[in-house]
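Student: The structure under discussion is supplied below as structure tokens; questions concerning it will follow.
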Amino acid sequence: MRQDVRSYCEKEVPIEAGWFARFKGLVDYGRALLTAAGEGVELNNDNARLISERPTWKEANVSVGPTQQLQIHIRWMIRRDMPEVLEVERKSFEFPWFEEDFIRCLRQRNCIGMVAEHGERVVGFMIYELHKTRLHILNFAVAETVRRRGVGTQMANKLISKLSGQRRTRISLEVRETNLTAQMFFKALDFRATSVLRSYYDDSPEDAYVMQYRYVPDEIETVLPINRIDRLAG
């Protein structure tokens, strides 16, 4: 599973410094943030760098981003989306998928691709499989310029809305043991780690955590009888 959502970080001030030094450090950091916002610069714990520069894998997990939610449109992925999808993929992962990986996956009858679009620009995507009782996320990424603006949450909620008590009742995915941001992101959406897959990845010796979201029917759904025709048609 591939997912990269930036985590918020704060400038650390040495504990041993006096209260005035700590206060001054926070003020200086606040000024740096305001300067960065005006000049198109992105900050992390160690330094400031231009947003146009490609972050390393570790930087992508610790940089600070805006918090206002971005309005997006989620739709089916089509062939002409591929260049933008590949760009998001390359800038999000240390071991990215290639175009052949996407094509091979999307040729499967039970494999679905969706993109998040903002202003006619692809800012995120997800690839998932349809199974009899569950959805399985294979790839999930958000463009680095719009992270921490609710794009990933809106995409995940789109998948959650496809669950029902009569058919598919859960969503599953695998997350690298070192990808703490992905683990925390999905945990905030009520996904839970259920098992460990040892040496799961071909490109590294890492283990993977299997995380699952389970559908919980509301009170009305538990009281109303199931319509047999609707169940067969769903």
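Just so you know, all these numbers are worked out from the coordinates, no wet-lab data involved. All figures in this text were calculated on a predicted structure; none of them were measured in a lab. Neighbour counts are summed over all protein chains in view; Cβ atoms, including those assigned to glycine, are modelled from backbone coordinates with ideal geometry.
Student: What dipole magnitude, in Debye to the nearest 20, does the range 73-233 give about its Cα centre under +1 on Lys/Arg Cβ and -1 on Asp/Glu Cβ?
Tutor: Dipole about the Cα centre, nearest 20: 640 debye.
Student: Which one, 183, 114, 131, is farthest towards the positive end of the dipole of the range 112-220 when Lys and Arg carry +1 and Asp and Glu -1 on their Cβ?
Tutor: Going by the charge dipole, the pick is 131.
Student: Ok, one more. What does the charge count around residue 160 come to, taking other residues whose C-beta lies under 11 Å from its C-beta (Lys +1, Arg +1, Asp -1, Glu -1)?
Tutor: +4
Student: Which peptide among 152-159, 117-124 comes first, and what is the full order, when sorted by highest mean count of other Cβ atoms within 10 Å?
Tutor: Final packing ranking: 152-159, 117-124.
Student: Taking a ≥ b ≥ c as the square roots of the Cα gyration tensor eigenvalues, with a/c under 1.5 meaning rounded and otherwise prolate when a/b beats b/c, else oblate, which class fits the range 94-206?
Tutor: Judged from the Cα gyration tensor, the range 94-206 comes out rounded (a/c under 1.5).
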